[in-house]
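**Q** Here it is: the structure, laid out below.
We did not get these values from a lab; they are worked out from the coordinates using the rules stated. Treat the numbers as computed from the prediction; the structure is a model and nothing was measured. Here the Cβ positions follow ideal geometry from the backbone for every residue, glycine too, while neighbour counts run over all protein chains shown.
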């Protein structure tokens with residue numbers, strides 16, 4: 001076999017099963033030289049795509065030598081810490097797992113753990129994959145090119161299949177896979193096939209296309225590839241092309257290549273970056289004659305290195321789903337639905353859609369469009385994924401937490417008389433208090449539209465809606481406490497330095513306003529994904545703790561300053577708000593400083609110099625550091641309860657990574 005730095009053996013099979021439709025399988029056996037001299041690493045990855053059922057299963061098994069190659073993950077640096085934790089327990093993030101057995105590579109005989117790809121003397125090949133159940137295929141050669149095969153075999157569950165396959169061996173100095181690159185392999189009933197590589201980032205490009213006719217002999221042609229559609233993953237929030245047009249003028253060939261469904265991603269983290277690896281369907285015309293075929297496309301992604309980039313991509317998806325819920329461009333029928341008048345648009349006769357849009361929706365949308373972290377929306381779909389559900393089935397849910405959250409911000413800003421939100425003027429400064437209050441409140445009910453998904457079982461839908469309305473009640477109770485008069489408790493703390501009563505009150509506000517509305521999407525996601533009762537509770541508790549810690553950190557940043565000045569530094573002191581850092585300071589400052597700080601909070605329009613002095617007092621006494629320590633302890637304790645009952649997976653890594661990122665975003 002030689003000792004090439006990299007070698008790959010790949011089978012792409014297109015299968016049919018009586019009474020169950022078609023499916024496509026891609027199995028890749030890989031060997032790569034490790035950093036340790038004379039050592040090799042090995043991996044087997046596979047994806048099975050069933051377009052009729054819209055199911056995509058996958059896996060990737062590796063050995064320790066593969067992780068010693070220096071060219072495997074994680075490339076997502078923000079996931080390095082949670083991955084180190086998981087690896088420290090000897091675990092791996094599903095769909096990745098260690099090979100069960102040693103690697104055996106001889107001419108015509110590949111055995112990587114429990115997975116085999118062997119060649120018989122008569123040219124037949126046997127493929128055996130052992131995932132949750134065994135898949136066994138026999139490949140019967142067609143012609144003498146060594147690339148084309150007929151297939152007979154058994155799918156998991158002992159289901160008989162037949163079809164055709166392409167086989168390819170590649171050796172070289174490095175893997176042919178590259179981040180942002182596309183490789184495609186298309187096959188047709190007459191035995192012809194097409195292969196090409198391209199740049200995934202280009203909308204249109206000239207490429208070299210290898211086309212083999214029924215004789216199996218490949219010939220190179222120049223082609224023009226155009227991307228027609230892209231898809232954003234709800235697991236990794238990476239964007240992939242999923243539909244193309246290919247033209248080869250010399251052959252008068254024009255073909256459309258389209259994924260029958262978009263959610264065909266292999267979300268690996270440890271052994272390689274994520275990739276889109278899925279079945280495509282092909283149709284077109286060549287020299288005036290129509291044709292059809294099937295194929296396989298793979299696209300290794302360039303993952304989000306930092307948490308900031310990841311959550312920016314999440315918010316991009318959130319904005320797209322908010323637009324879908326609201327139905328822009330706005331029509332009378334869409335406004336009728338948003339106004340609770342489904343099938344009764346007659347009630348809006350004489351109303352200009354633009355007027356209702358501006359007064360009902362625009363005050364909230366203006367804030368959403370400025371961007372945001374999107375982590376509350378991420379929570380719901382990540383929890384669906386973490387308990388074994390399919391997040392793509394609930395893509396519309398991304399809109400709900402953002403609508404609820406931004407609606408509450410709009411109303412909260414009116415009540416607090418805030419002037420800056422997400423780097424711009426608050427909604428009430430632009431639209432006035434009446435429109436802002438009404439639109440912010442309406443957002444709570446618009447969010448409910450995003451939750452009405454036909455993909456959820458009725459008994460789970462009922463639990464989801466109960467969680468939603470309980471969160472709404474909790475949020476309003478918290479807001480009521482936030483605007484209640486707590487001057488007596490605060491003044492007592494300022495005078496005596498005894499802060500237990502006021503801290504309990506403020507933490508109750510934070511739990512009701514912030515923690516419960518953030519923990520609710522986690523519980524809803526775990527319910528929708530089919531999680532156990534213990535998982536539903538632990539995921540909800542964890543994200544409540546993350547949200548509570550997030551609020552504490554937010555109060556700290558209010559005084560230390562936000563990146564990009566998205567909020568006014570010291571705003572809480574300008575408006576006289578008693579937050580946890582102020583309370584911690586009351587417990588630490590001497591009487592004369594407590595009295596001065598209390599007087600600052602009661603000043604109607606404090607000067608910049610006075611606010612800066614107040615910030616210095618709070619920081620110098622250790623109150624801000626104490627808040628950060630408390631926030632970290634909340635998340636640590638909640639994760640300790642969640643970790644043992646949540647299966648190890650890429651989704652779990654992102655959940656843990658989100659906790660780190662949100663807690664330490666100012667560090």
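**Q** Rounding to the nearest 10 and keeping the result within 0 to 90°, find how far the Cα-based axis of helix 608-620 lies from the longest principal axis of the chain.
**A** 70
**Q** Compute the FRET efficiency between residue 292 and residue 245 as 1/(1 + (r/R0)^6), taking r as their Cβ-Cβ distance and R0 = 22 Å, and round to the nearest 0.05.
**A** It comes to 0.90.
**Q** Related question: What's the long-distance tail for the chain, i.e. % of Cα pairs beyond 42 Å?
**A** Looking at the chain, the distances longer than 42 Å represent 36 percent of pairs.
**Q** Return the distance in nm (one decimal) between the two label points of a simple spin-label model at residue 462 and residue 138, each offset 7 Å from Cα along Cα→Cβ.
**A** With each label placed 7 Å out from Cα toward Cβ, I get 5.2 nm.
**Q** Additional query: How high is the relative contact order of the chain, in percent, with contacts defined as C-alpha pairs under 8 Å that are six or more residues apart?
**A** With pairs under 8 Å counted, the relative contact order is 10 percent.
**Q** Same structure, new question: Take the range 457-667, drop everything but the C-alpha atoms, weight them equally and run the Debye formula without solvent; then report log10 I(q)/I(0) at 0.14, 0.16 Å⁻¹ to two decimals.
**A** Summing over Cα pairs of the range 457-667 leads to -0.87, -1.06.
**Q** Helix-derived [θ] at 222 nm for the chain: sum -39500 (n - 2.57) over DSSP H runs of at least 4, divide by residue count, nearest 500?
**A** Calculated from helices alone, the mean residue ellipticity at 222 nm is -12500 deg cm²/dmol.
**Q** Which value results when the Cα radius of gyration for the range 352-506 is divided by 2.2 N^0.38 Å?
**A** The range 352-506 yields a ratio of 1.24.
**Q** With 5 Å bins from zero, work out the P(r) of the range 1-134 over every alpha carbon pair and list the percent per bin.
**A** 2, 9, 17, 20, 18, 15, 10, 6, 3, 1, 0
**Q** So, one more: May I ask for the angle, rounded to the nearest 10°, between helix 458-482 and the longest principal axis of the chain, with both axes built from Cα atoms and the value confined to 0 to 90°?
**A** 30
**Q** For residue 285 and residue 68, FRET efficiency with R0 = 45 Å and r from the beta-carbon atoms, rounded to 0.05?
**A** The value I calculate is 0.35.
**Q** Where the convex hull is taken over the Cα atoms of the range 6-300, what is its projected area averaged over directions, in nm²?
**A** 15.6
**Q** Taking only C-alpha pairs under 8 Å that are 6+ residues apart, what is the relative contact order of the range 457-667 in percent?
**A** 23
**Q** Separate question: What angle do you read, to the nearest 10 degrees and between 0 and 90, between the alpha-carbon axis of helix 375-386 and the longest principal axis of the chain?
**A** 40
**Q** Under a crude label model (7 Å from the Cα following the beta-carbon direction), how far is residue 174 from residue 370 in nanometres?
**A** 4.3
**Q** May I pose another question? Just how far, in whole angstrom, is the range 591-614 from the range 251-317 if you go by their alpha carbon centroids?
**A** Using only Cα atoms to place each centre, the spacing works out to 58 Å.
**Q** For residue 599 and residue 643 in one chain, what is 0.36 nm times their gap in residues minus the Cα-Cα distance, to one decimal in nm?
**A** Result for the pair: 11.3 nm of gain on full extension.
**Q** I'd like the FRET efficiency for residue 433 and residue 323, computed as 1/(1 + (r/R0)^6) with the beta carbon distance as r and R0 of 22 Å, rounded to 0.05.
**A** After rounding, the FRET efficiency stands at 0.25.
**Q** Tell me the label-point distance for the pair residue 453, residue 36, using the 7 Å Cα-to-Cβ offset, in nm and rounded to one decimal.
**A** Output for this residue pair reads 4.4 nm.
**Q** Using 0.36 nm times the number of residues separating residue 91 and residue 158, minus their current alpha carbon distance, what extension gain do you get?
**A** 21.1 nm
**Q** Same structure, new question: Scaled to the compact-protein estimate 2.2 N^0.38 Å, what is the alpha-carbon radius of gyration of the range 119-278, rounded to two decimal places?
**A** 1.15
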